[in-house]
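Engineer: The following block contains the structure, expressed as structure tokens.
The numbers here are math on the coordinates, done by the rules we state, and not lab data. Just so it is clear, the model here is predicted, and its values are computed rather than measured. Ideal geometry is used to build each Cβ from the backbone, glycine not excepted, and the neighbour counts take in all protein chains shown.
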Amino acid sequence: ARAAGFEVGLTLDPDTPFKQVRDYVDELDIFQVMGVKSGFGGQEFIPSVLDRIAEVRRLYPDLPISVDGGVNVETALQMVDAGANILCVGSFIFKSDNIGEAIRLLRQACS
């Protein structure tokens, strides 16, 4: 993939132990952690995912870490504080009456 100009990433579901993929993390350009079980939007964030984010950040301080699922103004700062530097947001923004305001609130929550 890299030879073709692509970056390589891996997404880890909350139920998958990190040890199953740890041997491959050095080969990644980005590591994504699911904050909810994969499959459908609008789920509640699984708080134990914060520990996983912190573990990955501790072991790989320079690796971009993305979180997808359960991102809102209450969870965004927790995710960033744990070590995430990319937040993939869906339901919070698209179920909002004002998309621009939702984005502004998320940025404000993380600053």
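Engineer: What residue among 37, 95, 19 shows peak mean-square fluctuation when the chain is described by a Gaussian network model with Cα springs under 10 Å?
Structural biologist: Of 37, 95, 19, the most mobile in the Gaussian network model is 19.
Engineer: Quick one: which residues, 5+ away or cross-chain, put their amide H under 5 Å from the amide H of residue 12? H built at 1.01 Å from N.
Structural biologist: Here 32, 33, 34 satisfy the definition.
Engineer: If you find the alpha carbon centre of region 1-23 and of region 46-85, how far apart are they in angstrom?
Structural biologist: Region 1-23 and region 46-85 have Cα centres separated by 16 Å.
Engineer: Taking only the alpha carbons of the chain, what extent do you get along each of the three principal axes, in Å, biggest first?
Structural biologist: Principal extents (largest minus smallest coordinate, Cα): 42, 33, 29 Å.
Engineer: Relative to the Cα centre, what is the charge dipole magnitude of region 1-75, using +1 at the beta carbon of each Lys and Arg, -1 at the beta carbon of each Asp and Glu, and rounding to the nearest 20 debye?
Structural biologist: The dipole magnitude comes to about 80 debye.
Engineer: Taking region 3-111, which chymotrypsin sites (Phe, Trp or Tyr not before Pro) meet the DSSP loop condition and have no more than 10 other C-beta atoms within 10 Å?
Structural biologist: Filter output for region 3-111: 6, 40.
Engineer: Also, quick follow-up: Report ³J(HN,Hα) in whole Hz for each residue of region 32-46, in order, from the Karplus equation J = 6.51 cos²θ - 1.76 cosθ + 1.60 where θ = phi - 60°; Gly and Pro get x.
Structural biologist: With coefficients 6.51, -1.76 and 1.60, one gets 10, 10, 7, x, 9, 6, 4, x, 7, x, x, 7, 6, 5, 8 Hz.
Engineer: What ³J(HN,Hα) values, in whole Hz, does the Karplus curve 6.51 cos²θ - 1.76 cosθ + 1.60 give for region 4-21 when θ = phi - 60°, with x put for Gly and Pro?
Structural biologist: Each residue's phi maps through the Karplus curve to give 8, x, 8, 8, 10, x, 9, 10, 10, 6, x, 7, 8, x, 4, 4, 5, 10 Hz.
Engineer: Then there's this: In whole Hz, what ³J(HN,Hα) sequence does region 81-87 give by Karplus (6.51, -1.76, 1.60; θ = phi - 60°), x for Gly and Pro?
Structural biologist: Along region 81-87, the couplings run 4, 6, x, 6, 10, 9, 10 Hz.
Engineer: If you take the square roots of the eigenvalues of the alpha-carbon gyration tensor of region 70-111 and sort them as a ≥ b ≥ c, do you get rounded (a/c under 1.5), prolate (a/b over b/c) or oblate?
Structural biologist: It comes out prolate by the Cα gyration axes.
Engineer: Using Cα pairs under 8 angstrom and six or more residues apart, how large is the relative contact order of the chain, in percent?
Structural biologist: Relative CO of the chain lands at 22 percent.
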